[in-house]
Amino acid sequence: MVKRHCIAALVLWVLFFQVLVAVGGLHVRADLVIEIPVSDQVNIGSGLCLGSNVSMPEAYVDIDIIVEDSFRYIINVSCQFLLQTVTGQNFTTAFVYPSEWGLFSHPEAEFKSFGISINGSEIDFSVIEWADLSETYDFNASEWLWLSSNQFALFSLEMPPNSTRVVSVKADITLHSNTHNFTFAYCIGSARSWDGNTHQVIQMDFRNHTNLLEHGFQPENYENLMGENETKTIRWDFLISELDDNYVAFWASQYEITSYEQDPFSNPLHIVLVVFFTIVLPVVIFSAYCIKTKD
(Lines give C-alpha, C1' and ligand atoms only; values in the text may rest on other atoms or scores of the structure.)
Protein backbone atom coordinates (compact mmCIF):
# COMPACT_ATOMS: atom_id res chain seq x y z
CA MET A 1 0.00 0.00 0.00
CA VAL A 2 2.82 2.38 0.90
CA LYS A 3 4.56 1.52 -2.35
CA ARG A 4 1.46 2.48 -4.32
CA HIS A 5 1.22 5.82 -2.53
CA CYS A 6 4.86 6.55 -3.36
CA ILE A 7 4.43 5.75 -7.03
CA ALA A 8 1.22 7.79 -7.27
CA ALA A 9 2.83 10.77 -5.56
CA LEU A 10 5.84 10.53 -7.86
CA VAL A 11 3.66 10.47 -10.97
CA LEU A 12 1.63 13.44 -9.75
CA TRP A 13 4.82 15.42 -9.06
CA VAL A 14 6.20 14.79 -12.55
CA LEU A 15 2.89 15.72 -14.20
CA PHE A 16 2.62 18.89 -12.11
CA PHE A 17 6.13 19.98 -13.02
CA GLN A 18 5.59 19.32 -16.73
CA VAL A 19 2.48 21.52 -16.59
CA LEU A 20 4.57 24.29 -15.05
CA VAL A 21 7.10 23.99 -17.85
CA ALA A 22 4.39 23.96 -20.53
CA VAL A 23 2.72 27.14 -19.32
CA GLY A 24 6.00 28.95 -18.83
CA GLY A 25 6.18 28.69 -15.05
CA LEU A 26 9.74 27.36 -15.27
CA HIS A 27 11.03 28.65 -18.58
CA VAL A 28 14.55 29.07 -17.24
CA ARG A 29 14.83 31.95 -19.74
CA ALA A 30 17.09 34.34 -17.88
CA ASP A 31 15.24 36.89 -20.07
CA LEU A 32 17.25 36.05 -23.15
CA VAL A 33 16.05 38.41 -25.87
CA ILE A 34 18.10 38.51 -29.05
CA GLU A 35 18.12 41.42 -31.48
CA ILE A 36 19.31 40.90 -35.04
CA PRO A 37 20.12 44.14 -36.89
CA VAL A 38 20.22 42.54 -40.33
CA SER A 39 21.60 44.76 -43.11
CA ASP A 40 21.44 44.96 -46.88
CA GLN A 41 24.03 46.86 -48.90
CA VAL A 42 24.58 47.74 -52.55
CA ASN A 43 28.00 48.91 -53.80
CA ILE A 44 29.20 50.66 -56.93
CA GLY A 45 32.28 52.73 -57.65
CA SER A 46 35.22 53.92 -59.65
CA GLY A 47 38.03 51.93 -61.22
CA LEU A 48 40.94 49.91 -59.95
CA CYS A 49 43.80 50.62 -62.37
CA LEU A 50 45.53 47.40 -63.40
CA GLY A 51 48.09 49.18 -65.61
CA SER A 52 50.76 51.79 -64.91
CA ASN A 53 51.56 55.41 -65.80
CA VAL A 54 47.88 56.32 -66.07
CA SER A 55 46.30 59.02 -63.92
CA MET A 56 42.70 59.91 -63.09
CA PRO A 57 42.90 63.61 -62.17
CA GLU A 58 39.12 64.21 -62.09
CA ALA A 59 36.06 62.19 -61.12
CA TYR A 60 32.48 63.53 -61.12
CA VAL A 61 29.61 61.44 -59.77
CA ASP A 62 25.86 62.12 -59.55
CA ILE A 63 23.74 59.75 -57.48
CA ASP A 64 19.94 59.88 -57.21
CA ILE A 65 18.30 57.70 -54.52
CA ILE A 66 14.52 57.42 -54.25
CA VAL A 67 12.93 55.38 -51.46
CA GLU A 68 9.38 54.16 -52.02
CA ASP A 69 6.89 52.42 -49.75
CA SER A 70 7.98 48.98 -48.50
CA PHE A 71 11.57 50.20 -48.82
CA ARG A 72 11.94 49.83 -52.55
CA TYR A 73 14.93 51.88 -53.69
CA ILE A 74 15.45 53.34 -57.14
CA ILE A 75 19.11 54.30 -57.60
CA ASN A 76 20.46 56.16 -60.64
CA VAL A 77 24.21 56.71 -60.91
CA SER A 78 26.03 58.79 -63.54
CA CYS A 79 29.84 59.10 -63.44
CA GLN A 80 32.54 60.73 -65.53
CA PHE A 81 36.24 60.04 -65.11
CA LEU A 82 39.06 61.87 -66.86
CA LEU A 83 42.03 59.60 -67.63
CA GLN A 84 45.46 60.76 -68.81
CA THR A 85 48.69 59.09 -69.83
CA VAL A 86 52.08 60.17 -71.16
CA THR A 87 53.10 56.78 -72.50
CA GLY A 88 50.98 55.05 -75.14
CA GLN A 89 49.49 51.76 -73.95
CA ASN A 90 46.57 49.39 -73.94
CA PHE A 91 45.75 48.72 -70.32
CA THR A 92 42.98 47.10 -68.30
CA THR A 93 40.88 48.56 -65.53
CA ALA A 94 38.09 47.21 -63.35
CA PHE A 95 35.23 49.39 -62.14
CA VAL A 96 33.23 48.37 -59.07
CA TYR A 97 30.09 46.76 -60.49
CA PRO A 98 26.73 47.22 -58.71
CA SER A 99 26.85 44.28 -56.35
CA GLU A 100 24.50 43.69 -53.45
CA TRP A 101 24.86 41.57 -50.36
CA GLY A 102 23.10 40.94 -47.06
CA LEU A 103 24.22 39.59 -43.71
CA PHE A 104 21.42 37.04 -43.45
CA SER A 105 19.14 38.03 -46.31
CA HIS A 106 19.30 38.26 -50.07
CA PRO A 107 18.03 41.61 -51.31
CA GLU A 108 15.97 41.55 -54.48
CA ALA A 109 17.84 43.67 -57.03
CA GLU A 110 17.10 44.49 -60.62
CA PHE A 111 19.86 46.08 -62.66
CA LYS A 112 17.87 47.90 -65.32
CA SER A 113 21.03 49.10 -67.03
CA PHE A 114 24.75 49.39 -66.59
CA GLY A 115 26.89 50.86 -69.34
CA ILE A 116 30.44 52.12 -69.90
CA SER A 117 31.37 54.62 -72.62
CA ILE A 118 34.75 55.94 -73.78
CA ASN A 119 34.55 59.47 -75.24
CA GLY A 120 30.85 58.92 -75.85
CA SER A 121 31.12 55.46 -77.50
CA GLU A 122 29.75 52.53 -75.52
CA ILE A 123 32.14 49.61 -75.02
CA ASP A 124 31.85 45.98 -73.98
CA PHE A 125 32.90 44.78 -70.55
CA SER A 126 32.87 41.58 -68.55
CA VAL A 127 31.85 41.04 -64.92
CA ILE A 128 34.52 39.38 -62.79
CA GLU A 129 34.71 38.26 -59.16
CA TRP A 130 37.43 39.46 -56.80
CA ALA A 131 39.01 36.00 -56.55
CA ASP A 132 39.42 35.78 -60.34
CA LEU A 133 40.62 39.38 -60.56
CA SER A 134 43.32 38.94 -57.92
CA GLU A 135 44.50 35.66 -59.43
CA THR A 136 44.63 36.89 -63.03
CA TYR A 137 46.23 40.33 -62.76
CA ASP A 138 49.58 41.39 -61.37
CA PHE A 139 48.92 43.76 -58.49
CA ASN A 140 49.31 43.63 -54.72
CA ALA A 141 45.88 42.25 -53.86
CA SER A 142 46.61 42.32 -50.11
CA GLU A 143 46.41 46.13 -50.18
CA TRP A 144 42.89 45.98 -51.62
CA LEU A 145 41.22 43.28 -49.52
CA TRP A 146 38.53 45.76 -48.47
CA LEU A 147 37.29 45.48 -52.08
CA SER A 148 36.97 41.69 -51.91
CA SER A 149 33.17 41.66 -51.36
CA ASN A 150 32.62 43.41 -54.70
CA GLN A 151 32.24 42.37 -58.30
CA PHE A 152 33.97 44.32 -61.08
CA ALA A 153 33.24 45.49 -64.61
CA LEU A 154 36.45 44.67 -66.46
CA PHE A 155 37.43 46.35 -69.75
CA SER A 156 40.50 47.32 -71.77
CA LEU A 157 41.32 50.83 -72.89
CA GLU A 158 43.74 51.94 -75.60
CA MET A 159 45.45 55.28 -75.06
CA PRO A 160 48.03 56.87 -77.42
CA PRO A 161 50.96 58.85 -75.94
CA ASN A 162 49.99 62.14 -74.24
CA SER A 163 46.28 61.44 -74.59
CA THR A 164 43.17 61.85 -72.47
CA ARG A 165 39.99 59.79 -72.34
CA VAL A 166 36.64 60.42 -70.68
CA VAL A 167 35.15 57.27 -69.22
CA SER A 168 31.41 57.50 -68.49
CA VAL A 169 29.56 54.97 -66.35
CA LYS A 170 25.78 54.89 -65.93
CA ALA A 171 23.75 52.52 -63.79
CA ASP A 172 20.02 52.25 -63.03
CA ILE A 173 19.20 49.90 -60.18
CA THR A 174 15.99 48.93 -58.41
CA LEU A 175 16.37 47.16 -55.09
CA HIS A 176 13.91 45.97 -52.46
CA SER A 177 15.26 45.60 -48.92
CA ASN A 178 13.50 43.55 -46.24
CA THR A 179 15.99 44.19 -43.45
CA HIS A 180 16.38 46.64 -40.59
CA ASN A 181 19.28 48.56 -42.17
CA PHE A 182 20.04 49.53 -45.76
CA THR A 183 23.25 51.05 -47.11
CA PHE A 184 24.21 52.39 -50.51
CA ALA A 185 27.99 52.79 -50.80
CA TYR A 186 30.06 54.38 -53.55
CA CYS A 187 33.71 53.31 -53.72
CA ILE A 188 36.23 56.17 -53.75
CA GLY A 189 39.33 54.43 -52.37
CA SER A 190 40.15 52.66 -55.63
CA ALA A 191 41.28 56.07 -56.95
CA ARG A 192 44.51 55.48 -55.00
CA SER A 193 45.48 52.84 -57.55
CA TRP A 194 46.00 55.51 -60.25
CA ASP A 195 49.13 57.63 -60.65
CA GLY A 196 49.03 61.05 -59.03
CA ASN A 197 46.10 62.50 -57.12
CA THR A 198 42.38 62.45 -57.90
CA HIS A 199 39.93 65.28 -57.33
CA GLN A 200 36.49 63.82 -56.74
CA VAL A 201 33.12 65.54 -56.61
CA ILE A 202 30.21 63.34 -55.55
CA GLN A 203 26.68 64.75 -55.34
CA MET A 204 23.87 62.69 -53.85
CA ASP A 205 20.15 63.49 -54.06
CA PHE A 206 17.98 61.54 -51.64
CA ARG A 207 14.18 61.66 -51.96
CA ASN A 208 11.27 60.58 -49.74
CA HIS A 209 13.36 60.26 -46.59
CA THR A 210 10.27 60.67 -44.37
CA ASN A 211 9.46 56.98 -44.96
CA LEU A 212 12.47 55.98 -42.83
CA LEU A 213 13.15 55.89 -39.10
CA GLU A 214 16.63 57.35 -39.45
CA HIS A 215 19.12 58.06 -42.20
CA GLY A 216 22.54 59.61 -42.60
CA PHE A 217 25.64 59.97 -44.74
CA GLN A 218 29.28 58.98 -44.25
CA PRO A 219 31.84 60.43 -44.02
CA GLU A 220 30.35 63.51 -42.40
CA ASN A 221 32.56 66.09 -44.12
CA TYR A 222 29.95 66.81 -46.79
CA GLU A 223 28.29 70.03 -47.87
CA ASN A 224 24.57 70.08 -47.17
CA LEU A 225 22.89 71.79 -50.13
CA MET A 226 19.36 73.12 -50.31
CA GLY A 227 16.84 70.50 -51.42
CA GLU A 228 13.22 70.77 -52.51
CA ASN A 229 10.33 69.35 -50.48
CA GLU A 230 11.40 65.86 -49.32
CA THR A 231 14.71 65.88 -51.22
CA LYS A 232 18.11 66.18 -49.55
CA THR A 233 21.11 67.13 -51.66
CA ILE A 234 24.63 66.71 -50.31
CA ARG A 235 28.07 66.95 -51.91
CA TRP A 236 31.51 65.64 -51.15
CA ASP A 237 34.39 67.59 -52.74
CA PHE A 238 37.88 66.32 -51.92
CA LEU A 239 41.28 65.10 -53.04
CA ILE A 240 41.64 61.38 -52.46
CA SER A 241 45.03 61.98 -50.81
CA GLU A 242 43.26 63.98 -48.09
CA LEU A 243 40.65 61.33 -47.23
CA ASP A 244 41.22 57.98 -45.50
CA ASP A 245 37.73 56.61 -46.22
CA ASN A 246 37.26 53.99 -48.93
CA TYR A 247 33.54 54.64 -49.47
CA VAL A 248 31.02 57.44 -49.25
CA ALA A 249 27.69 56.07 -48.17
CA PHE A 250 24.00 56.67 -47.52
CA TRP A 251 22.53 54.56 -44.71
CA ALA A 252 18.99 54.12 -43.46
CA SER A 253 17.23 52.42 -40.54
CA GLN A 254 13.94 51.25 -42.00
CA TYR A 255 12.04 49.93 -38.97
CA GLU A 256 12.54 48.77 -35.40
CA ILE A 257 14.75 45.75 -34.84
CA THR A 258 12.76 42.54 -34.46
CA SER A 259 13.32 40.84 -31.10
CA TYR A 260 12.46 37.30 -30.13
CA GLU A 261 12.76 35.08 -27.11
CA GLN A 262 15.17 32.23 -27.38
CA ASP A 263 13.68 28.75 -27.15
CA PRO A 264 14.52 27.65 -23.59
CA PHE A 265 15.06 24.07 -24.72
CA SER A 266 17.70 25.10 -27.25
CA ASN A 267 20.13 25.59 -24.36
CA PRO A 268 21.71 22.32 -23.03
CA LEU A 269 21.78 23.76 -19.49
CA HIS A 270 18.01 24.24 -19.57
CA ILE A 271 17.52 20.63 -20.65
CA VAL A 272 19.72 19.40 -17.79
CA LEU A 273 17.77 21.48 -15.27
CA VAL A 274 14.42 20.23 -16.52
CA VAL A 275 15.57 16.59 -16.40
CA PHE A 276 16.96 17.12 -12.91
CA PHE A 277 13.79 18.70 -11.52
CA THR A 278 11.32 16.41 -13.34
CA ILE A 279 13.07 13.05 -12.92
CA VAL A 280 16.17 12.92 -10.73
CA LEU A 281 15.06 15.10 -7.81
CA PRO A 282 11.54 13.59 -7.50
CA VAL A 283 13.00 10.05 -7.54
CA VAL A 284 15.50 10.92 -4.81
CA ILE A 285 12.91 12.68 -2.62
CA PHE A 286 10.22 10.05 -2.90
CA SER A 287 12.67 7.19 -2.56
CA ALA A 288 13.79 8.70 0.71
CA TYR A 289 10.13 9.25 1.70
CA CYS A 290 9.21 5.65 0.89
CA ILE A 291 12.14 4.28 2.83
CA LYS A 292 11.24 6.44 5.83
CA THR A 293 7.57 5.42 5.61
CA LYS A 294 8.51 1.78 5.36
CA ASP A 295 10.64 2.05 8.44
Quiz item: Can you name the residue in the stretch 144-193 that is over 25 Å from Glu110 (Cβ atoms) and of a type in the set (Phe, Trp, Tyr) and, of all such residues, is nearest to the chain's Cα centre (by Cα)?
Solution: Trp146
Practice problem: Mind listing just one residue for me: the one in the stretch 105-146 that is closer than 17 Å to Asn43 by Cα and modelled with pLDDT under 85 and, of those, surrounded by the most Cβ atoms within 10 Å (Cβ to Cβ)? | Solution: Pro107
Quiz item: For the stretch 207-226, how many residues are assigned to a strand (DSSP E or B) and either within 19 Å of the chain's Cα centre (by Cα) or exposed (fewer than 11 other Cβ atoms within 10 Å of the Cβ) (or both)?
Solution: 7
Quiz item: Which condition number does Glu122 fail, the rest of (1) in contact with a Gly (Cβ under 6 Å, 6 or more places away or on another chain); (2) charged (D, E, K, R); (3) in contact (Cβ under 8 Å) with a residue 60 or more places away in the chain being met?
Solution: (3)
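The values are calculated or read from the model by the stated rules, or taken from the named source; none is laboratory data. Keep in mind it's a predicted model, so treat the numbers as computed, not measured. Note that each Cβ is placed from the backbone with ideal geometry, even for glycine, and that neighbours are counted across all protein chains shown.
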